[in-house]
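S.K.: Starting off with a structure, shown below.
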Amino acid sequence: MIAMIFQVLTLLDENRISYLIARTRPDGLTLVATLVGRRLEIFVDECDGVNVSVFVGDESVQVGMQALQAVLVEE
């Protein structure tokens with residue numbers, strides 16, 4: 001059986017979705033993919049478990065230091 005991480009990578013590749021891979025925890029990998037109006041965060045753990053978070057936005061853009069400061073204040 002093919003490890004789940006490779007199944008997820010193949011699915012993203014077949015759909016021509018670019019992604020970044022990060023080692024955010026010692027027990028798995030996080031993949032971040034950006035689509036129009038959506039960001040996917042996919043976590044695959046060492047037991048082949050898969051968790052997916054989908055973040056939806058409206059594609060509006062803010063620029064400049066004031067935009068950055070406003071976002072940080074909201075945190």
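S.K.: Residues of region 26-46 with the amide nitrogen closer than 14 Å to a label point 7 Å from the Cα of Leu11, along Cα-to-Cβ, please.
M.R.: Those under the cut-off are 31-33, 40-45.
S.K.: Taking the chain as the reference, fit the longest principal axis to its C-alpha atoms, fit the long axis of helix 4-14 to the helix C-alpha atoms, and give the angle between the two in degrees, 0 to 90, nearest 10.
M.R.: 60 degrees
S.K.: Could you calculate the FRET efficiency of Ile21 with Asp48 from 1/(1 + (r/R0)^6), where r is the beta carbon distance between them and R0 is 22 Å, rounded to 0.05?
M.R.: For Ile21 and Asp48, the calculated efficiency is 0.85.
S.K.: Testing the spin-label approximation: label points 7 Å from Cα along Cα→Cβ at Arg39 and Val73. State their distance in nm.
M.R.: 2.1 nm
S.K.: Now a separate question. In whole Å, largest first, what are the principal axis extents of the Cα atoms in the chain?
M.R.: 50, 28, 15
S.K.: Next up: In deg cm²/dmol, rounded to 500, what helix-only [θ] at 222 nm does the chain give when every DSSP H run of at least 4 residues adds -39500 (n - 2.57) and the total is split over its residues?
M.R.: -8500 deg cm²/dmol
S.K.: What ranking, highest mean first, results for peptides 63-70, 2-9, 48-55 when packing means the other Cβ atoms within 10 Å averaged over each residue?
M.R.: For the peptides 63-70, 2-9, 48-55, the packing ranking is 2-9, 48-55, 63-70.
Read the figures in this text as sums done on the coordinates, not as results from a lab. These numbers come from a predicted model, not from an experiment. Cβ coordinates were reconstructed from backbone atoms using ideal geometry, including for glycine residues, and neighbour counts include every protein chain displayed.
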